[in-house]
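Have a look at the structure below, then the notes.
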Amino acid sequence: MGTTKTAHFTTEQNEWATLLKAIAHPARIAIIQHLIKVNSCICGAIVNELPLSQPTVSQHLKELKNAGLIKGNLEGNTICYCLDEDGFAKIKDFFQTVNTYLESKNTSCC
C-alpha cells in the first residue's frame, strides 16, 4: 500500500495490515512453523530447512523481524531467532474480534 494511502487508515489498521502482510508468504509460514518446532533457531538451520537460497531466507527473516513477528539476538557470528509474542498477540486479537463477530451473528447476509 502506498505511503499516501496508509494515512487514511488508523494506526491499528496499519499495524494489522503490516503483520498480516508479513505472514502472507509460504516461506514465512515455513519459517514460523520451524521456529515453533525447534523453539529457537540460528539462520543457518533455517536455510537448511527451506528450498531457498541464504539471501532469500535472510530477506524473509528481515520482513518477519521488521513486522515484529520474530526477534533476533546476535550470538557470535550468527543470529538466533525466536517468535515475538507481542506481534502474534496482535494477530490473535484481530482474529478473535472477527471470530466473536461471526459467533454472535444471528443471520447470514450473503
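Data table
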quantity: Selection from region 56-110 of residues that are modelled with pLDDT under 90 and under 25 Å from residue 37 (Cβ atoms); calculated: 72, 73, 74, 75, 76, 77, 78, 79, 80
quantity: Complete set of residues in region 1-52 that are hydrophobic (A, V, I, L, M, F, W, C), farther than 30 Å from residue 77 by Cα and without any contact (Cβ under 8 Å) to a residue 60 or more places away in the chain; calculated: 1, 7, 9, 17
quantity: Pairs where the first residue, in region 67-87, is under 12 Å from residue 46 (Cβ atoms) and open to solvent by less than 30 Å² (accessible area, probe 1.4 Å) and the second is at pLDDT 85 or above and acidic (Asp, Glu), C-beta under 8 Å, 6+ apart; calculated: 70/84
quantity: Flag if residue 60 is crowded, with 17+ Cβ neighbours inside 10 Å and either without any contact (Cβ under 8 Å) to a residue 40 or more places away in the chain or in a loop (DSSP other than H, G, I, E, B) (or both); calculated: yes
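The values are calculated or read from the model by the stated rules, or taken from the named source; none is laboratory data. Keep in mind it's a predicted model, so treat the numbers as computed, not measured. Virtual Cβ from ideal backbone geometry, glycine too; neighbours counted across all protein chains shown. In case anyone asks, the SASA skips ligands and DNA or RNA and just uses the protein heavy atoms, side chains included. Shrake-Rupley method; radii C 1.70, N 1.55, O 1.52, S 1.80 Å.
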